[in-house]
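The values are calculated or read from the model by the stated rules, or taken from the named source; none is laboratory data. Here the structure is a predicted model, which means the values were calculated and not measured. Because the Cβ atoms are built from the backbone with ideal geometry, glycine has one as well, and the counts that use them run over all protein chains shown. What goes into the accessible areas is simple: the full protein's heavy atoms, side chains included, and nothing from ligands, DNA or RNA. Shrake-Rupley method; radii C 1.70, N 1.55, O 1.52, S 1.80 Å.
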Amino acid sequence: QVQLVESGGGLVQAGGSLRLSCAASRTIFRINAMGWYRQAPGKQRELVAAITGGGITNYADSVKGRFTISRDNAKNTVYLQMNSLKPEDTAVYYCNLAAGEYDYWGQGTQVTVFS
């Protein structure tokens, strides 16, 4: 079993920045991808950004040029640097790890952007 622990959410003014972190409880082999999803009230969960085991990144159109996903394999951690935040970025952000046939989720961290 793997636990994913997220941190870094909070309250920020529009235009500001936050950095989310997601640490896995142990080293995982054969990672398909790690990513960040978000869910706003009344909306479906959506992919924000993902990074494959080979380091290929993918972003939602709404965050391209503002968010950057990265990974530190030595620390079993994935990061999401969020710049130029907008009120519409407000959501609970969830970390996801896909490895083989397994799919793990973090508990979520709240990001609130006020104008």
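Here C22 meets each of (1) within 13 Å of N96 (Cβ to Cβ); (2) out of contact with any Leu (no Cβ under 6 Å at 6 or more places or on another chain); (3) touching a residue at least 40 places away in the same chain (Cβ under 8 Å) with one exception, condition (2). Any idea which of (1) among the charged types (D, E, K, R); (2) at pLDDT below 95; (3) buried (at least 20 other Cβ atoms within 10 Å of the Cβ) is the one R71 doesn't satisfy? If we test R71 against (1) among the charged types (D, E, K, R); (2) at pLDDT below 95; (3) buried (at least 20 other Cβ atoms within 10 Å of the Cβ), just (3) comes out false. The condition (being touching a residue at least 40 places away in the same chain (Cβ under 8 Å) and in a loop (DSSP other than H, G, I, E, B)) is satisfied by just one residue among T112, T27: T27. For first residues located in segment 79-95 and within 11 Å of Y37 (Cα to Cα), partners that are among the small types (G, A, S) and open to solvent by less than 40 Å² (accessible area, probe 1.4 Å) and lie 6+ apart or on another chain with Cβ distances below 6 Å form the pairs A91/A40; V92/G108; Y94/G106; Y94/G108; C95/G106. When segment 18-51 is limited to residues that are among the polar types (S, T, N, Q) and open to solvent by 30 Å² or more (accessible area, probe 1.4 Å), the one that is farthest from the chain's Cα centre (by Cα) turns out to be T27. The residues of segment 78-112 that are open to solvent by 10 Å² or more (accessible area, probe 1.4 Å) and either hydroxyl-bearing (S, T, Y) or over 22 Å from A24 (Cβ atoms) (or both), listed by number, are Y79, N83, S84, K86, P87, E88, T90, Y94, Y102, Y104, T109, T112.
Set side by side, the residues G15, G54 differ, and just one is more than 15 Å from the chain's Cα centre (by Cα), part of a loop (DSSP other than H, G, I, E, B), modelled with pLDDT of 95 or more and not charged (D, E, K, R), which is G15.
The residues of segment 9-22 that are out of contact with any helix residue (DSSP H, G or I) (no Cβ under 7 Å at 6 or more places or on another chain) and over 12 Å from G108 (Cβ atoms), listed by number, are G10, L11, V12, Q13, G15, G16, S17, L18, R19, S21.
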